[in-house]
């Protein structure tokens, strides 16, 4: 994942009203924290930051230019409005070159398992530790031709050079099972109806 430069401004007003004014001005309220430093309240250009998220995902590493200097930051949390889908707030983590960070990376499944199988994916992201400037966009897992009965655990995934697994290696990523036959599906439907008992008709005196 490449490093992205972004202009930022320091905010001096806080609270919901100040945040609304910041967004009306075409900017996103953000907080930069980490390495024991006092949090810095910033405003990021909304259109430019939204483009960064589209192109680099939620783990984008930014070189923030503000004041008389710049800071290297990892995008940690992006809060989006639940209905209007605009970015409301961003949390940024201060990082240093050469520093390793823990990040959640999407797992992307490629290929098709063997015929007559059913694939169940339990994990959609993987927690890894990696250099802040070498965060992968995704972890690819090919299941081309994988047969029924196969289970793939987190510890079996191939990681990029320099990255290590930070989560549970025994966590189930996906399982490939035999798909039910038409006869089995019909049998299941018969079993579902077998226990149904109709209510007895009530007498007129009831």
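Tabulated data for the structure shown
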quantity	calculated
Cα gyration tensor, the range 3-96 - rounded (a/c under 1.5), prolate or oblate	oblate
Which labelled figure in [x] 1.21; [y] 1.00; [z] 0.95 is Rg/Rh (Cα atoms, Kirkwood Rh), once derived from the coordinates	[x]
Between the range 128-189 and the range 66-123, the alpha-carbon center distance in angstrom	19 Å
Listed peptides 69-76, 115-122 by packing density, highest first (mean Cβ within 10 Å)	69-76, 115-122
Residue list for the range 88-126, given a label point 7 angstrom along the Cα-to-Cβ vector of residue 147 and an amide N cut-off under 16 Å	113-118
Inter-probe distance in nm under a simple model that places probes 7 Å from Cα toward Cβ, at residue 51 and residue 99	2.7 nm
Whole-number percent relative contact order across the chain, with pairs defined as alpha carbons under 8 Å at least 6 apart	17 percent
Linear extension gain, residue 185 paired with residue 37, 0.36 nm per residue minus alpha-carbon span	47.2 nm
Antiparallel bridge percentage (DSSP; both residues within the chain; nearest 5)	75 percent
Within the range 124-143, backbone nitrogen closer than 11 Å to the virtual label 7 Å beyond the Cα of residue 110 toward Cβ	139-143
Normalised contact order of the range 102-191, rounded percent, pairs of Cα under 8 Å and 6 or more residues apart	36 percent
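All of the numbers you see were taken from the coordinates with simple rules; none came from a lab. What you see is a predicted model; the values in this text were computed from it and never measured. Note: ideal-geometry Cβ built from the backbone for every residue, glycine included; neighbour counts use all protein chains shown.
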